[in-house]
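J.: Once you've had a glance at the structure underneath, I'll fire off some questions.
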Amino acid sequence: MITTLNAILLIGAGVIAGVMGSAGGITSLISYPALLAIGIPPLPANVTNAVALAAAFPGSALGSRLELKGQGPWLRRWALTAVLGGVVGVALLLITPDRVFNRIVPFLLAAAALVLLAQPRISRWHKSRLQRGTKYMLPVGLFVVCIYGGYFGAGSGIMVLALLLLTVDQEFARANALKNMILGVATVAVAAGYLLFGPVYVAAALLLGVGLLVGSFFGPSVARRVAGNAMRVFAALLGLGLAAWLWVAHG
C-alpha cells in the first residue's frame, strides 16, 4: 500500500533521479533505493524501477532538443541494437530466481558505483583514443550495456555515455543527449516486457515516473551548465552503501 509519505518520497526521488540521470546517467542509483525504502523487495523493485524509467524518455527528449538537431539518422541506425539488448536483459531477469537476484544485486550496484567513480578517467580516454580497432566497439558495447540495462540498469547510462564519448562525439552535452535517447528507446522496450511478464508495483511505478518525467526535462540543461562531480560522487557513495546493506541483509 502506498502511503502519502511514500508517494512524496517516490515523486521527490523521481525528480532528483530524473535530473541526475538525464544530466549524466545515474538515475537508478537514486530511484531504485527509493523503491527499496518503501518496502518493495529487490527483484520487484528492479522491475518497477525499469518500468518507471520509461517516463524519463520524453522529458529528456524535450530537454535535449538543441543537441539532437540532425541526429535522427544516427538514432534510427542504432535504436534496434539497443532494443534487442534490452529485451535480452529482460529475458535473463525473468528466468532468474529471486534468491539468485538478491545475491547478485549487491555486486551489480557496487560495479555501477565504481564505474561512476571512474567516469572522469573513462571520459578522458576519448581524447587519446585510437581510430583503429574501434569499428566494432560501438555495436558490441551498446548491445552488451543494454543487456545489462534490461537486467538491472544502475550505471548503464554512464557506461553508454563513456562509450559514445569514445566512439561517436567528444562534446559532452551532445553525447549525453544521444545517450538519453538511445537508452530511452531501450527502456521503453524493457518496460513493455516487464509490464507484460514481470512483478510490477504499478502504483509505485506511476508515482516514480511522474517525478522522473519532470526531472528528466531539466537534466540536459544541468549538463550544459553544471559540473557533475558532486552529484556523481554522491550517487556512487550511495550505491556502495546500498550494496553493502543489501549484502548484509541477504548474505
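Readers should treat all values here as calculations from the given coordinates under stated rules, not as data from a laboratory. Nothing here was measured: the structure is a model prediction, and the numbers come from that model. Every residue, glycine as well, gets a Cβ built from its backbone with ideal geometry; the counts of neighbours run over all protein chains shown.
J.: Tell me, in nm to one decimal, what length is gained between V140 and E171 on full extension, where the rule is 0.36 nm per residue of separation less the Cα-Cα distance?
T.: 9.0 nm
J.: Output needed: percent of Cα pairs per 10 Å distance bin for region 1-102, bins running from 0 to the one holding the longest distance.
T.: The calculated distribution, bin by bin, is 13, 37, 34, 14, 2.
J.: What is the calculated FRET efficiency for A203 to R103, with r their C-beta to C-beta distance and R₀ = 25 Å, to the nearest 0.05?
T.: Result of the calculation: an efficiency of 0.35.
J.: Anything in the chain that counts as a DSSP H helix reaching 24 Å or more along its axis (C-alpha) with Kyte-Doolittle mean of at least -0.5? List them, would you?
T.: 4-24, 72-94, 98-125, 172-197, 202-225, 229-250
J.: Another question, if that's okay. Determine the distance separating the Cα centre of region 166-206 from the Cα centre of region 23-47; give it in Å without decimals.
T.: 14 Å
J.: In what sequence, highest mean first, do 214-220, 65-71 appear when ranked by Cβ atoms within 10 angstrom?
T.: Packing proxy ranking, top to bottom: 214-220, 65-71.
J.: While we're looking at this one, here's another question. Based on the Cβ-Cβ distance from A192 to R121, what FRET efficiency comes out when R0 is 41 Å, to the nearest 0.05?
T.: 0.70
J.: Same structure, new question: Please give, to one decimal in nm, the separation of the simple spin-label points placed at W245 and R76, each 7 Å out from Cα toward the Cβ.
T.: Computed distance between label sites W245 and R76 equals 4.6 nm.
J.: Read through the labelled values (i) 134; (ii) 125; (iii) 112 and report the label of the one computed as volume of the Cα convex hull per residue in Å³ from the structure.
T.: After the calculation, the listed value that fits is (iii).
J.: Order the peptides 36-45, 184-193 from the highest to the lowest mean number of other Cβ atoms within 10 Å of their residues.
T.: 184-193, 36-45
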